[in-house]
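Have a look at the structure below, then the notes.
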Amino acid sequence: MRLVCGVGINDADYSVASYQMVDGRSKQVICPIYSRWKDVLRRATSEAYHNYRPTYSKSSFEDNWKYFSRFRLWMTSQIWEGLHLDKDILFPGNKEYSERTCAFVPFYVNHLVRPEIAKGESLPLGVALEKRYVKLKKRYRSQIGVDGKRINLGSFETAELAHKAWQEAKANQIEKVVSRYATEECFRTDVAEALIKRVWDLKLAAANGVETKSL
């Protein structure tokens, strides 16, 4: 049996790929559950993918998910259509894809806890340095990601002040997202609780001048 991504075993009792006529042409259609499973394997094992997305370089998956049938059994017990598979909302910093750690969430929840780091700069989360203007008094820009766009929160004299502005804005953003998420059919209490904990951690850190190093 040929392994999928070098590790996975496709033990499906049906064909995961078929051909259908679309607009007069034969088009291959892949089982969406199989596609999700293969994507998990790729994220955990592909060196090329890790070079492209270094944050996944230490990813792994539980032994049961080596078998497509076990992943499929779990996935079909979830609300998943149109949702993103997330591995670290429930457990911040988690690297393993598993039944215990993963959750299907809307895209706006999935994007909420992604790192907001200025590339190539050793600055706190949400902070960027205005390099072009060396003599500028307020050289540190605070910015937050909203729906894939960067929103400026203002300029500050120190990275610490800019980071505090980001912490407060991020906490407010998460609260709003949780309120929106609560109206969804796919709502999960454990996901909401994990997000609210981040709100309190951010507010506490901002109040005490403690840097938030990850979400």
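The values are calculated or read from the model by the stated rules, or taken from the named source; none is laboratory data. Everything quoted here is computed from the prediction, not taken from an experiment. Ideal geometry is used to build each Cβ from the backbone, glycine not excepted, and the neighbour counts take in all protein chains shown. With ligands, DNA and RNA removed, areas are computed over all heavy atoms of the protein, side chains included. Shrake-Rupley method; radii C 1.70, N 1.55, O 1.52, S 1.80 Å.
As a calculated quantity, the FRET efficiency between HIS84 and GLU47 at R0 = 22 Å, using C-beta atoms, amounts to about 0.40.
Going through the DSSP H helices of the chain, which span 18 Å or more along their own axis at the Cα atoms while scoring at least 0.0 as a mean Kyte-Doolittle hydropathy?
On the way: long enough: 32-45 (20 Å, -0.85); 159-181 (32 Å, -0.77); 189-208 (29 Å, 0.27).
Helices passing the filter in the chain: 189-208.
Using a cut-off of 9 Å between beta-carbons, work out the net charge of the residues near LYS138 (Lys and Arg +1, Asp and Glu -1, LYS138 not included).
Details: positive: LYS137, ARG139, ARG141; negative: GLU130, GLU157.
Local charge sum for LYS138: +1.
Ignoring ligands, DNA and RNA, please state the percent of accessible area on segment 1-48 from carbon and sulfur, probe 1.4 Å. Whole-percent figure for carbon plus sulfur exposure: 49. Each part reduced to its alpha carbon centroid, segment 1-76 and segment 144-215 end up 33 Å apart.
Using a 1.4 angstrom probe on heavy atoms only, work out the carbon and sulfur share of the accessible area of segment 54-108 in %.
Numbers: 1400 of 2830 Å².
With neighbouring chains kept in place, the figure for segment 54-108 is 49 percent.
Hull volume per residue, based on the alpha-carbon atoms of segment 38-101 and their convex hull, is 92 Å³. Per-atom-type breakdown for segment 118-215 gives carbon and sulfur 52% of the accessible area (1.4 Å probe, protein chains only). For LYS131, the lysines whose Cα falls under 20 Å of its own Cα, not counting residues fewer than eight places away in the same chain, are LYS119.
Two decimals is fine: what is log10 I(q)/I(0) at q = 0.17, 0.18 Å⁻¹ for segment 92-215, from a Debye sum with one equal scatterer on every Cα and no solvent? For the requested q values the scattering log ratios are -0.89, -0.97.
In segment 165-211, the alpha-carbon atoms span a convex hull of 56 Å³ per residue.
Taking 0.890 mPa s as the viscosity and 25 °C as the temperature, the Stokes-Einstein diffusion coefficient of the chain based on its alpha-carbon Kirkwood radius rounds to 125 µm²/s. Across the options VAL7, PRO124, GLY82, the greatest Cα extent toward the positive end of the charge dipole of segment 1-141 (unit charges at beta carbon of Lys, Arg, Asp, Glu) belongs to PRO124.
Only Lys, Arg, Asp and Glu carry charge here, each on its Cβ (+1 for the first two, -1 for the last two); on that basis the chain has a dipole of about 940 debye about its Cα centre.
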